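Here's the structure, in structure tokens; my notes come after.
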Amino acid sequence: MENTGLFARSFLFGVTCFLIMLSKVNGDVSYSVTEEKKIGSVIGNLARDLGINVKTLALRKARLDVDEGSNRYCDIDMNTGDLIVAERIDREELCGLTTTCTLKYEVIIENPLELHRIVVEITDINDNSPTFAKEIITLEIRESADKGARYAVNEAHDADIGINSVQSYKLKENSYFSFVFHNKPGQEKYGELVLEKELDREQEQEVRLFLTAIDGGNPPRSASVVIQVTVLDANDNYPVFSQPVYKVSIREDSSYGTTMTTVSATDADEGADGQVTYEFGHLSGDLLKLFSLDSKTGDLILNGNVDYEKQTTYELKIQGKDGSGLASFAKVVIDIIDINDNAPTIHLKSLSNPILENTMPGTEVGIINVQDKDSERNRQIRCSIQGNVPFMLTPSIKNYFSIVTSGPLDRELTSEYNITVVAVDEGTLPLSSLKTFQLSVADVNDNIPVFEEQSYKAFVAENNKPGTSVCSVTARDPDWRQNGTVLYSLVPSEVNGVPVSSFLSVNADTGILHAVRSFDYEQFRSFKVQVVARDNGSPPLSSNTTVSVFISDENDNSPQILYPAPEGKSLMTEMVPKAALSGSLVSKVIAVDADSGQNAWLSYHIIKSTDPGLFTIGLHTGEIRAQRDITESDNMKQNLVISVKDNGQSPLSTTCSVFLVISDNLAEVPELKDMTYEENNSNLTSYLIIALVSVSTFFLTFIVLILAVKFCHRRKPRLLFDGAVAIPSAYLPPNYAEVEGAGTLRSSYNYDAYLTTGSRTSDFKFVRSYNDNTLPAECTLRKSTLPLSSLKTFQLSLADVNDNIPVFEEQSYKAFVAENNKPGTSVCSVTARDPDWRQNGTVVYSLVPSEVNGVPVSSFLSVNADTGVIHAVRSFDYEQFRSLKSRL
């Protein structure tokens, strides 16, 4: 019998090995590991077996999929690709007496999505000793029992399986009994005491036996039990169950106290020997708590909650024993009926959060796994996404679904989405669950800055201070953070050949335009500049707007008199006929004003005159006319002081003197050098007396000189001077043309004048008027027959030519500025010298257009066109850039 048992055990071990090999073939990847391995022990190299590069495991988010609430037991080492033990593995706790104990995983690998099934078989080690249900087994045997009678004994329980389970029993040597162990494959294992010698109650009322159970491990483990045999009178019938196997089906929602079935056994004996009591065979502590058995009625009662998802079948061994200790066994198989008591569970396995707003429709952004622990139809699941969101679910592998985009995304419209996934099973009373995921949309620089206005107009008064705010431009960019940060700069251009940066600067952060220099309305009245708004995205986007700057006139120029010439330049005298009537045009004052509008409206006033009632001047024409007829009593010499005033807010004025001589004959003209203005005031009499004495003295001296000259040069006239009275061109602004007949005098007007030595006063005669181009050939000056000579010194000035370039004092400049500086901070100052004169030597500074990190340099620095002082336009950040170069 021992050989037969050994053969059976060998056969069972071979079948088990074959099944294990078969499971490895069926699975994608199979591994085997013994229980109780140390945490971190290597089970196998998963990366190599799946053909995946170890370096991409972490990048592709490789992981083992484990049901929520379940232990992981195994994990993946991302550095080596090994499958390792992550938690203590106890095969008996996991699988109990099940022959094959496996852990099944799904390996999820993304980008692209892959699903691999792996099976880890947990092999048994001999880590449990056999145990008996009771420390003492009591048997009552009648002394009439025949030799060879058999008495069943509950077997020892060993949590290990296979060869590590109980393989043999050893009964301590005694005079009455032997032990037989029934261990046939496919049949119940049990042991029997065989009566080898008839009992005699009178000789020995009790027999004490020692039974040892031994497993097949290496080294083997064992356990012993005491069998207490009490010798009684004869009992020759065993209890017989109505059926060897009872099959029961109960719903998993059966209530506490439900009677599942009733086992029944009968005994043909009478009296106490025919009364059968029921008890469980060897059961684990958990099953003893879950089920109870009425020892008298045989009712099997449910004392707890059963769960189909945890265990679908239970097998219980029931023992029926009569009053004399004869026993028999039956099996109860309890099948648990599944009900739809588990709602689907949704597990987020992967989510790309955030996603770019330019993600194309159909792009996978997440993976979910939906599980239902119920069975058959109750575990069939339908999934969908609630709400009007641009996402949908597409079935992937097994119970996996991919979350993909179904339409375009726009962060400026919706920056976050709450994606609600609904899962509904197909049960009779469907159960559902939902889970909400929050998905953020990352910004893409897809919006250009847009100015609030298509064009801007700015008005600034001339003579403004440098740094004056001209206007502000604003552009909006709906993008986020740096993509929506707008920086302003000027488009490089020129105004009258000068870079626009010499006129305006723009604050890169606020868009406020400042005047770099003082404007002059008389130089230019308006100009245009392009302002570019550029965001800080990559690549940056930009838009332009036009700012028209209009310079308003200020009354900053006094009237400029063109005729007569200013005092001190030359002596100009007008002759007035004695017969001039009232209203006759005597002369005209010509003046201009460089300002415009009402600032250039001129009015003329006589503020002083020799005879206040004799002449009047046109208020707006400047024409001097006789206010009454000229009479003999009027003073021959008339001096008028004319004031020319503009019409500005604070009017400016200029004065000039007009000398008039009332005479019809040149001989009557007084000496030019005596034509000075005589003030008419309260001390006039005193001045006349002093003047009379002076004139008399001078007259006597002059007579003596004349007589001496006549004596030396009798009747020999000579040319004393050829005078030309002209309006110097220096007094004519360049914008005024010379037009005859339009009330404006020519820029030059020449006269012939002759002086003779034959009279007390020189004859002053207008012979002909001419200019440089119209002097007739026959009009030559007559000269004395005796050669005379004279000397005259002329001062010749050299006009400047722009033949020198500005030269900087240094070839290069270095400036140091601390980060987080205030906009407008002075960085450094540059100086260039030009030895030329006036405007040729006036140096104007500007920045050479260039870029720093793709941004115009004018967004960082500005230079004062007049002083060369360089200012910071914005606040600098050392972490963005540590230095920059600019050319001036």
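The values are calculated or read from the model by the stated rules, or taken from the named source; none is laboratory data. Computed from a prediction, not measured in an experiment: that's the story for all the values here. Heads up, the Cβs are rebuilt from the backbone with ideal geometry, glycines too, and the neighbour counts pull from every protein chain shown. The area values use the complete protein model at the heavy-atom level, side chains included, leaving out ligands, DNA and RNA. Shrake-Rupley method; radii C 1.70, N 1.55, O 1.52, S 1.80 Å.
Measuring with a 1.4 angstrom probe and ignoring ligands and nucleic acids, residue 480 comes out at about 130 Å² accessible.
In a DSSP loop and with at most 10 other Cβ atoms within 10 Å, the trypsin sites (Lys or Arg not before Pro) in the range 787-888 are 792, 814, 882, 885, 887.
Backbone N atoms of the range 305-334 closer than 16 Å to the 7 Å Cα→Cβ label point of residue 284 belong to residues 305-317, 334.
If R0 is 41 Å, the Cβ-Cβ spacing of residue 596 and residue 869 corresponds to a FRET efficiency of close to 0.80. For residue 637, the lysines whose Cα comes closer than 25 Å to its Cα, not counting residues fewer than 8 places off in the same chain, are 569, 578, 588, 608, 673, 765. Proximity of backbone amide H atoms, modeled 1.01 Å from N, is registered between residue 504 and 516 at under 5 Å, excluding neighbours fewer than 5 places apart on the same chain. Here the extension length gained between residue 435 and residue 485 equals 14.3 nm, from 0.36 nm per residue of separation less the Cα-Cα distance. A straight chain from residue 664 to residue 494 at 0.36 nm per residue would run longer than the Cα-Cα distance by 55.1 nm. Across the cross-link table entries 197/321; 184/321; 104/134; 147/247; 465/822; 134/296, which are compared at the Cα atoms, the separations over 32 Å belong to 104/134; 147/247.
In this calculation the C-beta distance from residue 135 to residue 313 is compared with R0 = 45 Å, giving a FRET efficiency of 0.90. Residue 116 contributes about 40 Å² of solvent-accessible surface, heavy atoms of the protein only, 1.4 Å probe.
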